[in-house]
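For reference, the structure is listed below as structure tokens.
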Amino acid sequence: GLKIGKLLSETGYVTLDTGFVNTASCTSEITYIDGDAGILRYRGYPIEELAEKSSFLEVSYLLINGELPTPEQLTEFQDKITNHTLLHERFRSFFNGFPSSAHPMAVVSSAIGALSTYYPDSLDPFDPEQVDLASIRLLAKLPTIAAYAYKTSVGQPLLYPDNTLGYVENFLRMTFGLPTEKFEVDPEVAKVLDMLFILHADHEQNCSTSTVRLVGSSHANLYASVSAGVNALWGPLHGGANQAVLEMLEKIHADGGDVKAFVNKVKNKEDGVKLMGFGHRVYRNYDPRAAVVKKATRKVLDTMGVNDPMLDLAMQLEEVALTDDYFVQRKLYPNVDFYTGIIYKAMGFPVNAFTVLFALGRLPGWIAQWREMINDPATKIGRPRQIYVGSPERHYPA
Ligand code: ACO
């Protein structure tokens, strides 16, 4: 809860709001959430309409520029991204420097930070052309980085981007293709992944986006700020939840599939066990993104001919939780990542790559929010206060 605490300084009182539950850090024109009603809009457009009708790059343009692109603007944006998908040849040795067991989120955040060393011509936060260039480079190179992190971990050769392919198709080919075989991208898989990226593309001042803004408020460059955002996303209470959900489902399955016993464990807060993929700081209603994903999951699995017992387990868990007083009273509903892992798994991604997929989707949001922050005359360096509760003055023993 919100508390007013006395600050022991000349400035009087400060607000103690741990976790920033009631504190706005900025004004923003990008994303609107009504958590009670379960509404999410990017630049005024309902998420359900964008998920159904738009494409990830079009949504990226919308978030970053404020308006949907004309067909010409979209083509120009896509072409620019396509022109920057390659990584510097020396960057390849970077991936070999990590153990093959490296978590891909560590590799990805390091690689994004390292991009700044190759592109000193796009580090000035106050030069709009440099910011445009850094934005395009990030959008273009993150799929290449993500695919290379995966390829290195499984010991397969890296594939150059194929610029005749679309954004998501190219990523899928670089991830799952082999130099010895022609890789046919399944258009259904590409379409669903594109839609999942749209659903993740922005979510106003969440933990990773706030991190991107906070780092950028010191005038650190866009690559450094986004790299920090990736690290914030990694945690299981945020983007890492998609990995945690699947691990939870697999554990329940391995223990005999007793959903009620697991829910009881959660309710009794045994060993701090939570129902991962449930609950949200802002939504006190069904997460509208979760509703879209849930609808897609069964369809995708059917189309791909996959029969995963994890889906039935997840549906049972949801049913038990949604009718249980513990969850009802606390208004805990499935969030976006309750079902995504089941789709990612069916597509062939390893569990530890799931959060990287979230990062790919969230990237345009981070970029748009960073740009809004840097161009807002009201922005100041982010510097919260504290209420000191430590020892009063004491003296070093003589
Ligand atoms: N399982 C069990 N109990 C929960 C859960 C959960 N998933 N989420 C919240 N609660 C309980 C809390 O224990 C608390 O109970 P109490 O009042 O008896 O102490 C109550 O609900 C309120 O929860 P808070 O922790 O105060 O809610 P907060 O807004 O701080 O946390 C969060 C939100 C971190 C998302 C939380 O719901 C959670 O940990 N969920 C599981 C992890 C998860 O799925 N994260 C993804 C979030 S969405 C995203 O980033 C994609």
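The values are calculated or read from the model by the stated rules, or taken from the named source; none is laboratory data. These numbers were taken from a predicted model, which means no experiment stands behind them. Here Cβ is always computed from backbone atoms with ideal geometry, including for glycine, and neighbour counts include all displayed protein chains.
A few remarks follow.
- Taken together, the residues in segment 275-317 that are in contact with a Gly (Cβ under 7 Å, 6 or more places away or on another chain) and either under 15 Å from PHE262 (Cβ atoms) or assigned to a helix (DSSP H, G or I) (or both) amount to 2.
- Taking the criterion of being under 15 Å from ALA134 (Cα atoms) and buried (at least 16 other Cβ atoms within 10 Å of the Cβ), the residues of segment 48-77 that qualify are SER60, TYR61, ILE64, PHE77.
- Segment 262-308, residues that are under 24 Å from the mean Cα position of the chain (by Cα), surrounded by fewer than 20 Cβ atoms within 10 Å (Cβ to Cβ), over 23 Å from ILE33 (Cα atoms) and away from the ligand (no atom under 16 Å from the Cβ): ARG298, LYS299, LEU301
- Selection of segment 185-197 for residues being outside any loop (DSSP other than H, G, I, E, B) and not β-branched (Val, Ile, Thr) yields PRO187, GLU188, ALA190, LYS191, LEU193, ASP194, MET195, LEU196, PHE197.
- The residue list THR31, THR23 contains one member that is β-branched (Val, Ile, Thr) and more than 16 Å from GLY365 (Cα to Cα), which is THR23.
- So ASN83, is it touching a strand residue (DSSP E or B) at 6+ places or on another chain (Cβ under 9 Å) and surrounded by fewer than 13 Cβ atoms within 10 Å (Cβ to Cβ): no
- Residue selection: VAL259 satisfies the criterion of being more than 12 Å from the ligand (Cβ to nearest atom) and among the aliphatic types (A, V, I, L, M).
- Hey, LYS182 assigned to a helix (DSSP H, G or I), surrounded by fewer than 18 Cβ atoms within 10 Å (Cβ to Cβ) and away from the ligand (no atom under 16 Å from the Cβ) or not: no
- Looking across segment 198-225, the residues that are more than 13 Å from the ligand (Cβ to nearest atom) and either assigned to a helix (DSSP H, G or I) or hydroxyl-bearing (Ser, Thr, Tyr) (or both) come down to ILE198, VAL212, ARG213, LEU214, VAL215, GLY216, SER217, SER218, LEU222, TYR223, ALA224, SER225.
- Here ALA232, ALA228 are screened, and the one residue that is modelled with pLDDT of 95 or more, outside any loop (DSSP other than H, G, I, E, B) and within 13 Å of the ligand (Cβ to nearest atom) is ALA232.
- Among the residues listed as ILE47, ILE39, the single one being touching a helix residue (DSSP H, G or I) at 6+ places or on another chain (Cβ under 8 Å), over 26 Å from ASN375 (Cβ atoms) and among the hydrophobic types (A, V, I, L, M, F, W, C): ILE39
- Of the helices (runs of 4 or more DSSP H) contained entirely in segment 318-391, those carrying at least 2 residues that are within 16 Å of the ligand (Cβ to nearest atom), surrounded by 21 or more Cβ atoms within 10 Å (Cβ to Cβ) and touching a residue at least 40 places away in the same chain (Cβ under 8 Å) fall at 337-347, 354-375.
- Of the criteria (1) in contact with a helix residue (DSSP H, G or I) (Cβ under 6 Å, 6 or more places away or on another chain); (2) at pLDDT 95 or above; (3) under 23 Å from GLY235 (Cβ atoms); (4) not aliphatic (A, V, I, L, M), which one SER110 fails: (1)
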